[in-house]
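The values are calculated or read from the model by the stated rules, or taken from the named source; none is laboratory data. Given the structure is predicted, the values throughout are model-derived calculations rather than measurements. Counting neighbours? That spans all protein chains shown, and the Cβs are built from the backbone with ideal geometry, glycine included.
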Amino acid sequence: MSSHYEKCCVGCGTTEDVARLDRCPICSKTFCTDCAYRASGRRFCSDMCARTYNYGDIEDDDQDPDLDD
């Protein structure tokens, strides 16, 4: 039983045989250059991953002990 795993774009489904695929630095999903979301000079699979990369996790200020002064 051999299983053939083929990488494909999460946006359009294009395989790596047809187009160059990149891996998202946040979630590791693969995407082609046509479906890439570009932000801050980098490419991501989605707007959400780009925001996570640029801003990190946005925490609630009520839970930050340094802001209780």
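Worth pointing out:
- In the range 23-36, the residues that are buried (at least 18 other Cβ atoms within 10 Å of the Cβ) and in a strand (DSSP E or B): THR30, PHE31, CYS32
- Filtered residues of the range 37-56 (kept if assigned to a loop (DSSP other than H, G, I, E, B) and under 26 Å from GLU6 (Cβ atoms)): CYS45, SER46
- Residue within the range 56-69 that is surrounded by fewer than 16 Cβ atoms within 10 Å (Cβ to Cβ), under 18 Å from the mean Cα position of the chain (by Cα) and modelled with pLDDT of 80 or more present: no
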